[in-house]
Amino acid sequence: MNDDQLLRYSRHILLDEIGIEGQERLLASHAVVVGAGGLGSPAALYLGAAGVGRLTLIDDDEVDLTNLQRQIAHTQSRVGQAKVDSAREAILARNPEVRVDALRQRADAALLDRLLPEADVVLDCSDNYATRQMVNAACVRHQRPLVSGAAIRFDAQVSVFDPRQAGSACYACVFDPAEAPEETRCATLGVFAPLVGIVGSLQAAEALKLLSQAGTPLTGQLLMLDARSMEWTRMNLSRHPNCPVCGPVCGPAV
């Protein structure tokens, strides 16, 4: 690290759990963020500010006036702009040293198969069940840790799924791909503005822990929040022995 980096990241370096070695790991890391909206905004901003060396943002949507209530990477002046370009501008305004690849397209299996071999962590900040399942399957195929988050109305959840760990559940172990729930969108049900900030920040925290090797990730646990009462619930997860996604990859459950 140069002198400017030592100063910029000094508050991380002061932490025994991160230090210079952990910060250097962040600088050398590549995070893929699927979704640049409510969850992706705070997640990507914190990853960039913290010094993750390369970020790849994937989203095919444009900034809309209704987004500005909660999607903090975007501004009034960027309404109509691609969300990935708006988020890239916001990240670079805070930390111009970060490489930000802005991909204005919907995530699909082919794109993920191209990106994930070079990625160190994937953050699922999407807003629909099909995409979550597709991202999870790609992470299992390429053995990449997945930080998953979701928020609607006043309810939210976050977890880490790490196929590198024997016996670790994947997203499909917990949420059956064959039993897709009725889609719930912010446009029809609403969402409490700070809730996506809480969850997106938690996703960034879990990703930074994985990348810097600091602390203990949420692997094997589902953290749920009811923001009406600010009540947190923690649930232990285990791999489903007949999971159609990770079962053939991980082998027998332990």
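Coordinate-derived values only; no laboratory data. Since the model is a prediction, treat every value here as computed from it, not as a measurement. Cβ placement follows ideal geometry from the backbone for every residue including glycine, while neighbour counts extend to all protein chains displayed.
Listed values, structure above:
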{"quantity": "Flag if residue 70 is touching a residue at least 12 places away in the same chain (Cβ under 8 Å) and closer than 30 Å to residue 150 by Cβ", "calculated": "yes"}
{"quantity": "Residue, farthest from the chain's Cα centre (by Cα), within segment 47-78, restricted to residues that are in a loop (DSSP other than H, G, I, E, B) and charged (D, E, K, R)", "calculated": "64"}
{"quantity": "Qualifying residue in segment 89-98 (condition: in contact with a strand residue (DSSP E or B) (Cβ under 7 Å, 6 or more places away or on another chain), surrounded by fewer than 22 Cβ atoms within 10 Å (Cβ to Cβ) and at negative phi)", "calculated": "yes"}
{"quantity": "Filter result for residue 68 (touching a strand residue (DSSP E or B) at 6+ places or on another chain (Cβ under 7 Å) and of a type outside the set (Lys, Arg))", "calculated": "no"}
{"quantity": "Any pair with Cβ under 8 angstrom, 6 or more apart, that starts in segment 110-121 at a residue that is surrounded by 12 or more Cβ atoms within 10 Å (Cβ to Cβ) and ends at one that is assigned to a loop (DSSP other than H, G, I, E, B) and among the polar types (S, T, N, Q)", "calculated": "111/105; 120/29; 121/29"}
{"quantity": "Meets criteria (in contact with an Asp or Glu (Cβ under 9 Å, 6 or more places away or on another chain) and either surrounded by 21 or more Cβ atoms within 10 Å (Cβ to Cβ) or assigned to a helix (DSSP H, G or I) (or both)) for residue 107", "calculated": "yes"}
{"quantity": "Scan of segment 9-42 for residues that are surrounded by fewer than 23 Cβ atoms within 10 Å (Cβ to Cβ), touching a Leu at 6+ places or on another chain (Cβ under 9 Å) and either on the phi > 0 side of the Ramachandran plot or part of a strand (DSSP E or B) (or both), ordered by number", "calculated": "30"}
{"quantity": "Filtered residues of segment 118-136 (kept if closer than 17 Å to residue 53 by Cβ and not hydrophobic (A, V, I, L, M, F, W, C))", "calculated": "118, 120"}
